[in-house]
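None of the figures in this text is laboratory data; all of them are computed from the coordinates on show. This is a predicted model, so every value here is computed, not measured. Positions of Cβ are generated from backbone atoms using ideal geometry, with glycine treated the same way; all protein chains shown enter the neighbour counts.
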Amino acid sequence: MSDIDRLLVRLSSSKFRNSFHLKDKDKLYVKEKGLDKIEEHAYDFVRKRLFDVNSVNDGKQTPFKGHPVFIAQHATATCCRGCIEKWHGIGKSNNLTDEEIDYIVKVIMTWIKKEIDK
């Protein structure tokens, strides 16, 4: 089991985190756009909403619906810098590095892939 799989198991024990799932329309959107395009969206959202600590409206930057990546971010605790720090150990006082962005997107995409396979 990978570190991300272990993390997802831990997150699933949280009643709040486990309440997020992709609806049929979200799964259809992922299938229509393709995983590569969804991953592009994830990178875009993370870079625009979470990267720069000076422009982050922490706790309010990720909607609860409207895109599969947003749902995945809440399910995986990658929705705000506070949750990222608590669950992933990535400090919220510095801008995200490229490696941290890659990790966050990998967590999001792993969760999405598991959801569409359900």
Response to the item:
Protection proxy (average C-beta count within 10 Å per residue), highest first, orders 36-49, 86-99, 66-79 as 66-79, 36-49, 86-99
Response to the item:
Out of Phe16, Cys80, Ile38 - ranked by how far each Cα lies towards the positive end of the dipole of the chain, with unit charges on the beta-carbon of charged residues - the top one is Phe16
Worksheet item: Put a dot 7 Å past each Cα toward the Cβ at Leu28 and Val53; how far apart are the dots in nm?
Response: 4.3 nm
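About its Cα centre, how strong a charge dipole does the chain have in debye, to the nearest 20, once Lys and Arg get +1 and Asp and Glu get -1 at the Cβ? Don't skip to the end; give the middle numbers.
Numbers: 22 positive and 18 negative charges, 124 e Å.
Dipole about the Cα centre, nearest 20: 600 debye.
Grab the DSSP H runs of the chain that are 4 residues or longer, score each as -39,500 (n - 2.57), total them, divide by all residues and round the 222 nm result to the nearest 500 deg cm²/dmol.
On the way: 6 runs with 70 residues, N = 118.
Using -39500 (n - 2.57) per qualifying helix, the result is -18500 deg cm²/dmol.
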Item to complete: Could you bin all the Cα-Cα distances of the chain into 10 Å bins starting at 0 and give me the percent of pairs in each, rounded to whole numbers?
Response: 14, 50, 32, 4
Fill in: Rg to Rh quotient for the range 68-118, alpha carbon positions, Kirkwood Rh
0.99
